[in-house]
Ligand SMILES: C[S@@+](CC[C@H](N)C(=O)[O-])C[C@H]1O[C@@H](n2cnc3c(N)ncnc32)[C@H](O)[C@@H]1O
């Protein structure tokens, strides 16, 4: 049974005996912690920046030290004996089992310091330390840094739905959030109970939020000093009105960070085994919003030009208008036999892929409903389903 302890070594004398790789690493860490480090070693690397007394260790070297690290590999037992006699803590590098004290594997993330020892096995400790560091950095362990004086907003692209497709930065920000304002298609993530979650998609007792309402809420929460994450589906900007949210924050003097996300436009095809470009098949991919049908007075999409362009077309928000879009492309000269894939709920466990051609594309409402990504082009025939 050991007693874990963190030492404040600033200004205190610490002796390192030995200047091999372990001794040098330990001396550097001790210096970084503010200790007054002396190194005694028979040999030392020529390029060592530390002053080293190049001689044999003598027991009186321990006098006046708060801590000693024996890193010689040859006389560690002698160093430890001198420490024992003087009641000074000694860490032996040669034999953990014989040591009176151990240096743990350490990770510092923000103001959190995690020290790990694992049955006196340094490799296990390092592996655990690395896993802890990753979990803290990626937010899978709740770091909850101190709240800064001013509130802030982070626009986080949450990816297409599979939790693993949320970025590391996105996870970090979610782990520190006070308020999360979610889009309907944003991924479902586990959040601590104390986090306020606002759903802006259609709710049973409330219509969808307007863009202005969402922006106003983000700004208001940040102005209360809270850390706000605006969690969006896919990428923050692709057909997502992210820039309006950034402008609202900047206009109100609120600090804002933008974290791009994995877009469904590319992730859903990839997950379904369809490359959006493929050597020898296509050299372009065009992403189009079909939220307005071809010919709609407010549509700025040039469907005849898209038909002539060839390459891969990726349509978002197209499900209800897919027949009209396919017809517009055929009318514009795209081959009626061009393959089409409709990928519904891409990357989720419920993902469905329906294959057809421009000539016979039918989106049976019972079969495919939104959200879906539509891929049109020869790449669909290059599909290799994982
Ligand atoms: C308003 S747009 C937002 C797109 C988002 N910013 C992105 O980068 O994925 C919503 C459309 O994205 C597509 N979409 C989003 N998530 C999807 C998913 N998991 N599977 C299929 N389509 C998806 C659908 O076409 C949906 O109608």
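We did not get these values from a lab; they are worked out from the coordinates using the rules stated. Predicted model only: the values in this text are computed from it and were never measured. Reconstructed Cβ throughout: ideal geometry from the backbone, glycine too, with neighbour counts over all protein chains shown.
Tabulated values for the structure
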read-out: Computed E for residue 31/residue 149 - FRET, C-beta separation, R0 35 angstrom, nearest 0.05; value: 0.60
read-out: Contour excess over end-to-end distance, with Cα ends at residue 74 and residue 113 and 0.36 nm allotted per residue; value: 10.8 nm
read-out: Calculated FRET value between residue 8 and residue 370, using beta carbons and R₀ = 41 Å, to 0.05; value: 0.10
read-out: Cα→Cβ-extended label distance, 7 Å offset, between residue 53 and residue 241, nm; value: 7.3
read-out: Projected label distance in nm at residue 250 and residue 384, using a 7 Å step from Cα toward the beta-carbon; value: 4.3
read-out: Estimated 222 nm signal from helices in the chain, with DSSP H stretches of n ≥ 4 weighted -39500 (n - 2.57), rounded to 500; value: -7500 deg cm²/dmol
read-out: Considering only the chain, percent of DSSP beta bridges that pair antiparallel, nearest 5; value: 35
read-out: Calculated FRET efficiency for the pair residue 126/residue 60, C-beta based, R₀ 35 Å, to 0.05; value: 0.50
read-out: Residue 216 paired with residue 199, simple spin-label distance in nm, labels 7 Å along Cα-to-beta-carbon; value: 2.3
read-out: Packing-based exposure ordering (other Cβ within 10 Å, fewest first) of 57, 266; value: 266, 57
read-out: Footprinting exposure proxy for 221, 146 (fewest neighbouring C-beta atoms within 10 Å first); value: 146, 221
read-out: Exposure proxy order (Cβ contacts within 10 Å, fewest to most) of 152, 60, 264, 99; value: 60, 99, 152, 264
